[in-house]
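Shown next, in structure tokens, is the structure this report addresses.
The values are calculated or read from the model by the stated rules, or taken from the named source; none is laboratory data. Source: prediction; values computed, not measured. Here the Cβ positions follow ideal geometry from the backbone for every residue, glycine too, while neighbour counts run over all protein chains shown. SASA here: full protein model, heavy atoms, side chains in, ligands and nucleic acids out. Shrake-Rupley method; radii C 1.70, N 1.55, O 1.52, S 1.80 Å.
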Amino acid sequence: MPRLLVPTLAALLVAGASAQATAPALSVVFVHPERFTDAAYSHPNGSEPERLEVMRDVQRHLVQLAERGLPPGDSLRIEVLNIDLAGWFEPWRFRLQTGTYIRILRDITWPRMRLHYTLTRGDRLLADADDELSNLNYLMTVNRYSPTDRLRYEKAMMDDWFDRRIVARASQD
């Protein structure tokens, strides 16, 4: 499968009691997810359903970020080109009872994502760029997400990227 398109999601915000503003819109596309470095929660060579679970969680988080930080009238298209979750599976740490591997977090296995994004306001292009997201200090920084959240390190990384690249850029214009 060359591309997996996840449906475009849009959030609609009401500007005031009598007027409705143009909705901030987010489109997320996962390009060649079968080639992602590490996009499965419980196995080093994740199957399509396992990758879909990670992609669903990434998409949900990006939607939440857009709902809170994308100004009305702006549109953001994100093409996720690669996902490499925090940690790594060590072959000798396998659970026979469940048939799953244990993800081991070390300072050399930080989370990474590669993406291309396009930010527009109406017909005006605000940003069109490739970006490499990573958090080399993911084990040493304060993380506001629950320790049981399987995407907690990636969410913190996406939060930082969204605030620096999207919110900051949108507020400049």
Open item on the list: It is to be established whether one or more residues within the stretch 83-96 are within 24 Å of D163 (Cβ to Cβ), open to solvent by 30 Å² or more (accessible area, probe 1.4 Å) and at pLDDT 95 or above.
Closed with: no
Open item on the list: Tell me the residue from Y138, Y145, Y117 that is modelled with pLDDT of 90 or more and under 18 Å from D38 (Cα atoms), please.
Closed with: Y138
- [ ] List every residue pair whose Cβ atoms sit under 9 Å apart, with the two residues 6 or more apart in sequence or on different chains, where the first one lies in the stretch 131-151 and is outside any loop (DSSP other than H, G, I, E, B) and the second, anywhere, is open to solvent by 60 Å² or more (accessible area, probe 1.4 Å) and not hydrophobic (A, V, I, L, M, F, W, C).
- [x] D131/R114; D131/R165; E132/R112; E132/R114; L133/R112; L133/R114; L133/D160; S134/R112
TODO: Determine whether the stretch 108-128 contains at least one residue that is without any contact (Cβ under 8 Å) to a residue 60 or more places away in the chain, more than 22 Å from V167 (Cα to Cα), surrounded by 14 or more Cβ atoms within 10 Å (Cβ to Cβ) and aromatic (F, W, Y).
DONE: yes
Open item on the list: Given the condition aliphatic (A, V, I, L, M), in a helix (DSSP H, G or I), touching a helix residue (DSSP H, G or I) at 6+ places or on another chain (Cβ under 7 Å) and in contact (Cβ under 8 Å) with a residue 24 or more places away in the chain, answer yes or no: does some residue in the stretch 31-53 qualify?
Closed with: no
